[in-house]
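Below is one structure, written out as structure tokens; comments come after it.
The values are calculated or read from the model by the stated rules, or taken from the named source; none is laboratory data. Every value quoted in this text rests on a predicted model; they were computed, and no experiment measured them. Reconstructed Cβ throughout: ideal geometry from the backbone, glycine too, with neighbour counts over all protein chains shown.
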Amino acid sequence: MGWFDMHLWEFRIGQRRFGLPMDEDWGTEPRVEATKVRLREVLTPRRTVITYVYDFGDDWAHKLILTNIRQGEPGVGYPRYVAGEGNAPPEDCGGIPGFYQMLEVAADPSHPDHAEITEWLDDYNPKEFDELQIKISLGRIAKRRNAAKARFAKPAT
């Protein structure tokens, strides 16, 4: 998404929640530390619905529906980029309503907050899509994953 991971987040699968280590100061419901769970442990073969929530204030909720989960193709690094379009909303823009309000204000030079919002958005373009950055990021994850897979595959000496 291009966000900076500055906010609380969690994944929800059914009634289970996965995220950062618990911090009772936030008053959040109990959740499993995400770093202690492998994706293959929580996916079901036919269909898994995962809700990802980022920034509990702005409440960016993403619903992922995984179907037809199967073994990957030999020789192909995973995860891999398939397709995408459009720029993610900027960090701390007020969730969906705030994001669309900002776009309206930025598009209306007569709006009293136009100058302030335009400066805040800097050079943000909602139609821009950095495909190369996504490919690089996913490639790094795939490289680490494949290196770990290779280490486990080698017999201990």
Condition (residue is part of a helix (DSSP H, G or I) and not assigned by TED's automatic domain parsing to the domain that holds residue 12) applied to region 78-95: is it met by at least one residue? yes
Being of a type outside the set (A, V, I, L, M) and either at pLDDT below 90 or within 28 Å of residue 143 (Cα to Cα) (or both) narrows 99, 56 down to just 56
Item to complete: Test residue 106 against the criterion of being in contact with a helix residue (DSSP H, G or I) (Cβ under 8 Å, 6 or more places away or on another chain), in the same structural domain as residue 147 (by TED's automatic domain parsing), more than 23 Å from residue 8 (Cβ to Cβ) and surrounded by 11 or more Cβ atoms within 10 Å (Cβ to Cβ), and give yes or no.
Response: yes
Log entry, pairs with first residue in region 71-86 being closer than 13 Å to residue 138 by Cβ, second being aromatic (Phe, Trp, Tyr) and modelled with pLDDT of 85 or more, beta carbons closer than 9 Å, six or more apart or on different chains, reads 84/129
